[in-house]
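Chemist: Mind having a look at this structure? Questions to follow.
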């Protein structure tokens with residue numbers, strides 16, 4: 001990873017560039033790329049390469065990259081797909097450290113295109129060239145010392161503090177057009193295309209320490225290595241925010257009826273979990289991506305989530321309040337001294353709570369006093385100032401007041417001008433002062449909410465990955481190997497309990513028996529009351545075939561239940577192999593929860609937690625995280641379900657043992673991370689006893705790969 005990130009320097013800041021496939025023909029991509037290189041004011045040496053022409057745009061052309069007399073850092077390849085590999089081979093022989101392959105016709109076409117891309121990868125590896133693409137739009141670096149525009153874009157963006165990484169070339173084109181219209185500046189732009197070599201992880205690693213970049217924006221259709229992305233993005237997000245649009249919903253596999261986890265886990269939800277765990281802010285639209293990206297370039301970040309609103313109209317203040325609460329902010333409680341400071345300067349009709357409503361006739365002088373007061377309040381972390389123009393509103397003067405207020409504080413101040421008409425000059429004054437402005441209050445609240453969320457994430461307690469040393473992987477390995485030898489996909493409950501017990505999960509007291517006399521003896525040993533469950537490698541859902549008997553209080557009841565249970569199961573499923581019966585303690589009253597796991601083919605083990613028993617089927621109140629999880633992840637899973645209040649203690653009931661749940665989740669995480677053979681799992685229910693009394697695994701279902 002570090003080697004690839006280092007090689008990206010040859011792509012972002014090359015000392016010399018050869019455009020292979022440059023041509024003088026109007027409207028050609030080769031001409032557009034070379035023209036952009038020249039017209040952007042590239043600070044290095046640029047060479048057109050084309051055996052069919054003598055010059056391109058007045059610059060001498062070379063028949064081959066090997067003919068260039070000087071060293072070449074970067075080869076931009078714009079030739080037919082069939083010629084790309086030979087061209088890259090020559091670039092490698094020339095000593096190029098990087099290449100941008102704009103040409104299309106590779107794996108995106110299927111068939112021979114896939115083989116061609118494999119050959120391209122082999123050439124790149126053999127020569128140690130970092131390759132962006134193929135099928136990409138190119139790369140831009142706006143640093144004045146570089147001024148690299150190795151794209152076929154119609155415009156070169158202004159310099160800014162945002163780096164934009166796009167998997168889609170066409171979307172990259174649209175993004176640059178939008179950025180030009182909205183006056184959004186970029187530090188870097190990179191279209192990664194098919195990701196034959198360089199992918200989003202390499203680019204993130206390169207941008208992590210890029211001093212020109214404050215914010216990283218991603219447009220993704222998939223992730224090349226999700227686990228590596230989590231680790232990398234978590235580290236990068238500690239330094240600078242990452243915002244992402246993820247499109248292209250992957251096809252869900254057939255939902256496994258064998259486990260609740262398999263039925264409830266969706267592929268797109270997995271991306272939400274991934275982004276949540278590594279601090280990436282997921283947004284839904286490109287417009288939102290750029291709006292929030294711009295917000296994050298405006299420092300300072302808020303200290304917290306306490307918002308003050310200053311307005312001259314009640315309705316917009318209410319709209320701002322509603323939006324702020326929706327996006328995780330809270331209205332600040334203004335200090336009584338703040339209101340006292342404002343009162344002498346305000347209309348008697350003004351409402352000086354929060355939102356601060358200065359009423360419609362407020363001029364810039366009232367705004368000045370109000371902003372000074374709320375910004376000086378220690379209970380305020382950020383401010384939205386709303387201006388709805390009235391007959392006597394001087395928007396130019398208002399902009400100067402807002403600019404002065406922002407210049408004297410270390411708190412974010414966002415402006416909302418709900419105006420049309422000739423407002424270009426007032427808005428330009430805000431731009432010059434570095435103040436973000438919006439047309440509607442909801443947009444400002446959304447931006448500040450995202451910033452406050454990011455600050456909370458950065459301030460979160462940090463915890464390392466906890467690994468338990470009292471586990472018995474040898475026991476699990478033997479059980480899984482035995483099932484594999486027999487060609488079984490399902491572990492009956494005695495095996496499932498043994499697997500969980502080997503990793504320290506709190507399995508209930510139990511014994512596997514083969515006849516009624518053994519069952520009676522086991523019940524005496526465990527202690528009444530007990531439960532009987534049928535054990536068969538062919539029966540996943542025991543209740544459906546009458547394979548469970550609860551609350552047995554004597555040996556006579558055990559003998560009778562054993563006979564009834566085995567007879568009923570044999571009648572319901574005559575072909576099932578009956579191994580015996582599982583005798584289990586009847587766990588006392590507690591809260592039923594569910595722990596589960598589904599192994600996603602792309603992301604790995606996906607853990608689930610929620611209320612168990614019938615609740616999981618009725619309310620689907622569950623939460624997911626990608627394993628391995630840290631202790632903070634486990635605590636957040638417990639707190640994250642809607643039914644968390646039931647576990648904390650509700651209407652006089654004692655609180656449940658949260659520590660026991662967290663411990664079980666962490667142990668389950670370690671188990672499924674250690675054993676890729678485990679495909680799906682439900683622990684339903686895990687009965688959680690009152691605080692300090694632990695929890696018990698009552699029922700477990702494990703599916704493994706054949």
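Chemist: Find the helices (runs of 4 or more DSSP H) located wholly in the stretch 424-540 whose residues include 1 or more that are within 31 Å of the chain's Cα centre (by Cα) and farther than 30 Å from residue 280 by Cβ, and list them.
Modeler: 493-502
Chemist: For the condition within 30 Å of residue 364 (Cβ to Cβ), surrounded by fewer than 19 Cβ atoms within 10 Å (Cβ to Cβ) and either touching a residue at least 60 places away in the same chain (Cβ under 8 Å) or in contact with a helix residue (DSSP H, G or I) (Cβ under 6 Å, 6 or more places away or on another chain) (or both), what is the one hit in 434, 449?
Modeler: Testing whether each residue is within 30 Å of residue 364 (Cβ to Cβ), surrounded by fewer than 19 Cβ atoms within 10 Å (Cβ to Cβ) and either touching a residue at least 60 places away in the same chain (Cβ under 8 Å) or in contact with a helix residue (DSSP H, G or I) (Cβ under 6 Å, 6 or more places away or on another chain) (or both) leaves just 434.
Chemist: Give the residue, chosen from 315, 293, that is buried (at least 22 other Cβ atoms within 10 Å of the Cβ) and in a helix (DSSP H, G or I).
Modeler: Going through 315, 293 in turn, just one is buried (at least 22 other Cβ atoms within 10 Å of the Cβ) and in a helix (DSSP H, G or I): 293.
Chemist: Then there's this: Filter the stretch 92-101 down to the residues that are part of a loop (DSSP other than H, G, I, E, B) and in contact with a helix residue (DSSP H, G or I) (Cβ under 8 Å, 6 or more places away or on another chain) and list them by number.
Modeler: 96, 97
Chemist: I want to confirm something. Restricting to the stretch 390-422 and keeping residues that are in contact with a strand residue (DSSP E or B) (Cβ under 6 Å, 6 or more places away or on another chain) and not in a helix (DSSP H, G or I), which single residue is farthest from residue 372 (Cα to Cα)?
Modeler: If we take residues in the stretch 390-422 being in contact with a strand residue (DSSP E or B) (Cβ under 6 Å, 6 or more places away or on another chain) and not in a helix (DSSP H, G or I), then 417 is farthest from residue 372 (Cα to Cα).
Chemist: State which residue pairs qualify: first residue not assigned by TED's automatic domain parsing to the domain that holds residue 682 and inside the stretch 541-569, second residue surrounded by fewer than 20 Cβ atoms within 10 Å (Cβ to Cβ) and in a strand (DSSP E or B) in any location, beta carbons under 8 Å apart, and separation of 6 or more residues or different chains.
Modeler: Filtered contacts from the stretch 541-569: 542/548; 565/548.
Chemist: Got a number for residues in the stretch 342-359 being crowded, with 19+ Cβ neighbours inside 10 Å and either touching a residue at least 24 places away in the same chain (Cβ under 8 Å) or not in a loop (DSSP other than H, G, I, E, B) (or both)?
Modeler: 7
Chemist: For residue 686, are the conditions met, namely being closer than 20 Å to residue 467 by Cα, touching a residue at least 60 places away in the same chain (Cβ under 8 Å) and not assigned by TED's automatic domain parsing to the domain that holds residue 278?
Modeler: No.
Per-residue answers, yes or no, for (1) outside any strand (DSSP E or B); (2) in the same structural domain as residue 33 (by TED's automatic domain parsing); (3) under 21 Å from residue 183 (Cα atoms):
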| position | (1), (2), (3) |
| --- | --- |
| 116 | yes, yes, no |
| 119 | yes, yes, no |
| 123 | yes, yes, no |
| 135 | yes, yes, no |
| 140 | no, yes, yes |
| 144 | yes, yes, yes |
| 149 | no, yes, yes |
| 153 | yes, yes, yes |
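Chemist: Looking at (1) farther than 30 Å from residue 676 by Cβ; (2) surrounded by fewer than 15 Cβ atoms within 10 Å (Cβ to Cβ), can you tell me which one residue 486 breaks?
Modeler: Tallying (1) farther than 30 Å from residue 676 by Cβ; (2) surrounded by fewer than 15 Cβ atoms within 10 Å (Cβ to Cβ), residue 486 fails exactly one: (1).
Chemist: Regarding residue 519, is this residue buried (at least 21 other Cβ atoms within 10 Å of the Cβ) and more than 19 Å from residue 697 (Cα to Cα)?
Modeler: Against the criterion (buried (at least 21 other Cβ atoms within 10 Å of the Cβ) and more than 19 Å from residue 697 (Cα to Cα)), residue 519 qualifies.
Chemist: Can you run down the residue pairs with Cβ atoms below 8 Å, 6 or more apart or on separate chains, where the first is in the stretch 106-134 and on the phi > 0 side of the Ramachandran plot and the partner is surrounded by 14 or more Cβ atoms within 10 Å (Cβ to Cβ) and assigned to a loop (DSSP other than H, G, I, E, B)?
Modeler: Cβ pairs passing all conditions: 128/97; 133/102; 133/103; 133/192; 133/193; 133/194; 133/196.
Chemist: Let me ask something else about it. Would you call residue 299 surrounded by fewer than 21 Cβ atoms within 10 Å (Cβ to Cβ), touching a strand residue (DSSP E or B) at 6+ places or on another chain (Cβ under 9 Å) and outside any helix (DSSP H, G or I)?
Modeler: Judged against the criteria, residue 299 is not a match.
Chemist: Is it the case that residue 377 is closer than 23 Å to residue 438 by Cβ and in a loop (DSSP other than H, G, I, E, B)?
Modeler: yes
Chemist: Return a yes/no flag: does the stretch 173-181 have any residue that is surrounded by 20 or more Cβ atoms within 10 Å (Cβ to Cβ), without any contact (Cβ under 8 Å) to a residue 40 or more places away in the chain and in a loop (DSSP other than H, G, I, E, B).
Modeler: Within the stretch 173-181, none of the residues are surrounded by 20 or more Cβ atoms within 10 Å (Cβ to Cβ), without any contact (Cβ under 8 Å) to a residue 40 or more places away in the chain and in a loop (DSSP other than H, G, I, E, B).
Chemist: State all residues of the stretch 601-620 that are over 16 Å from the mean Cα position of the chain (by Cα), outside any helix (DSSP H, G or I), more than 23 Å from residue 693 (Cβ to Cβ) and at pLDDT below 90; if no residue qualifies, say none.
Modeler: 601, 619, 620
Chemist: Determine whether residue 330 is surrounded by fewer than 22 Cβ atoms within 10 Å (Cβ to Cβ) and either under 23 Å from residue 456 (Cα atoms) or touching a strand residue (DSSP E or B) at 6+ places or on another chain (Cβ under 8 Å) (or both). Reasoning before the result, please.
Modeler: Values: surrounded by fewer than 22 Cβ atoms within 10 Å (Cβ to Cβ): yes; either under 23 Å from residue 456 (Cα atoms) or touching a strand residue (DSSP E or B) at 6+ places or on another chain (Cβ under 8 Å) (or both): yes.
Spelling it out, residue 330 is indeed surrounded by fewer than 22 Cβ atoms within 10 Å (Cβ to Cβ) and either under 23 Å from residue 456 (Cα atoms) or touching a strand residue (DSSP E or B) at 6+ places or on another chain (Cβ under 8 Å) (or both).
Chemist: A follow-up question, please. Residue under question is residue 162, and the condition is that it be under 30 Å from residue 428 (Cβ atoms), in contact (Cβ under 8 Å) with a residue 60 or more places away in the chain and in the same structural domain as residue 35 (by TED's automatic domain parsing); does it hold?
Modeler: yes
Chemist: Given the structure, is residue 581 crowded, with 19+ Cβ neighbours inside 10 Å, in contact (Cβ under 8 Å) with a residue 60 or more places away in the chain, outside the structural domain of residue 223 (by TED's automatic domain parsing) and over 30 Å from residue 279 (Cβ atoms)?
Modeler: yes
Chemist: Residue 631 fails exactly one of the following numbered conditions: (1) buried (at least 17 other Cβ atoms within 10 Å of the Cβ); (2) out of contact with any strand residue (DSSP E or B) (no Cβ under 7 Å at 6 or more places or on another chain); (3) touching a residue at least 40 places away in the same chain (Cβ under 8 Å). What is the number of that condition?
Modeler: Evaluating residue 631 over (1) buried (at least 17 other Cβ atoms within 10 Å of the Cβ); (2) out of contact with any strand residue (DSSP E or B) (no Cβ under 7 Å at 6 or more places or on another chain); (3) touching a residue at least 40 places away in the same chain (Cβ under 8 Å) leaves (1) as the failure.
Chemist: With 501, 546 as the choices, which residue is surrounded by 13 or more Cβ atoms within 10 Å (Cβ to Cβ) and closer than 20 Å to residue 683 by Cβ?
Modeler: 501
Chemist: Considering only residues that are part of a loop (DSSP other than H, G, I, E, B) and under 25 Å from the mean Cα position of the chain (by Cα), which ones fall in the stretch 635-674? Before the answer, list the steps.
Modeler: Step one: list which residues in the stretch 635-674 are part of a loop (DSSP other than H, G, I, E, B), which gives 641-643, 649-655, 657.
Of everything in the stretch 635-674, those that are part of a loop (DSSP other than H, G, I, E, B) and under 25 Å from the mean Cα position of the chain (by Cα) turn out to be 641, 642, 643.
Chemist: In addition: Is it the case that the stretch 555-569 has a residue that's crowded, with 21+ Cβ neighbours inside 10 Å and in a strand (DSSP E or B)?
Modeler: Checking the stretch 555-569: not a single residue is crowded, with 21+ Cβ neighbours inside 10 Å and in a strand (DSSP E or B).
Chemist: Determine, yes or no, whether residue 681 is in contact with a strand residue (DSSP E or B) (Cβ under 7 Å, 6 or more places away or on another chain) and not in a helix (DSSP H, G or I). Quick ask: steps written out before the conclusion?
Modeler: Values: in contact with a strand residue (DSSP E or B) (Cβ under 7 Å, 6 or more places away or on another chain): yes; not in a helix (DSSP H, G or I): yes.
Judged against the criteria, residue 681 is a match.
Chemist: Taking the stated definitions as given, is residue 168 buried (at least 24 other Cβ atoms within 10 Å of the Cβ) and touching a strand residue (DSSP E or B) at 6+ places or on another chain (Cβ under 8 Å)?
Modeler: No; evaluated as a whole, the condition is false for this residue.
The values are calculated or read from the model by the stated rules, or taken from the named source; none is laboratory data. Here the structure is a predicted model, which is why all the values come from computation and not from measurement. Please note: Cβ atoms are built from the backbone with ideal geometry, for glycine as well, and neighbour counts cover all protein chains shown.
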